[in-house]
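Here the structure comes first, spelled out in structure tokens, and everything after it is commentary.
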Amino acid sequence: MCPNVSASFIWNAREVMSNVGQGALYIASDTKTPSSLISSAEILGTLEENDTTQVIRDECEMYQPLSVFTAGDFVKVAVQYYTVIRNKAQLDQFISGLQVYSLEKLVKECPANMKALLTNANPATLEPDDLYNTFEPSFSDEGSNARAEEEAAMFSWMMFLQDCASNIGICKLEDVLAFATGARHRPPCGYGVQPTISFSGASPLPSASTCAVQLVLPTGLGEEKFNDKMTEGILGALGFGSA
């Protein structure tokens, strides 16, 4: 079907598919697998001759009549093409990168552990305490007026996180994490720097530096207004360059 794909590449691709998971194979930004057709074919157990199946057959070089394929065979060929064969150059580069620091060996020897590192499979549930303890606050001198306001802001921050987890408000913990770090899930190996919280009374809205992993909380607000402004700032700024 695709004679220019080497046997060693197919072996490596199968290793990656079985050990890391198919999700890691969607490396090319233009990968578009017709999932609706594949899902319906798996459920119904039949295939229909239409424009979509014809496009898939043309791209996958399936020249035999559609009637000779079972739904399962058709799905397997399509998935292999869209996730492996079409992305051969990207996968070769990915595998070469894994080999630099012997990560390819670790993928083969510790597939379950490496799957958790290289994919977003089964991310840990985010809890309020997790998010609260991730960031280290930078307080003013003890006994100062600023310190009292900062400690009040930290209490409001803790209550805000509890509300996010309890679905009391429209803001979710994942939204908060994305605002502060740029990602909705915590990286398995940590952030590389200590995430911090600083304080400012200049604006009632929070701000963040996702590169430095620094969150700036507003001070001088009551708990209810703090919640409102945190929700406004976070949900209004989700997206690159907005936080």
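The values are calculated or read from the model by the stated rules, or taken from the named source; none is laboratory data. Given the structure is predicted, the values throughout are model-derived calculations rather than measurements. With ideal geometry, Cβ positions are generated from the backbone for all residues, glycine too; neighbour counts draw on all protein chains shown. For the accessible areas, the whole protein counts, side chains as well, though only heavy atoms, and no ligand, DNA or RNA atoms are used. Shrake-Rupley method; radii C 1.70, N 1.55, O 1.52, S 1.80 Å.
The figures follow:
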item	result
Chain lengthening between N113 and D141 when straightened (0.36 nm per residue, less Cα-Cα)	5.7 nm
Whole-angstrom gap from segment 163-178 to segment 193-216, using each part's C-alpha centre	18 Å
Over 27 Å (Cα to Cα) - which of K172/K225; K76/K115; K105/K172 fall in this group	K105/K172
Within the accessible area of segment 132-176 (1.4 Å probe), percent carbon and sulfur	47 percent
Per residue accessible area of segment 82-210, 1.4 Å probe, in Å²	56 Å²
Residues in segment 157-189 reached by a label modelled at Y101 [backbone nitrogen below 12 Å; 7 Å Cα→Cβ]	189
Share antiparallel - DSSP beta bridges, segment 141-243, percent rounded to 5	40 percent
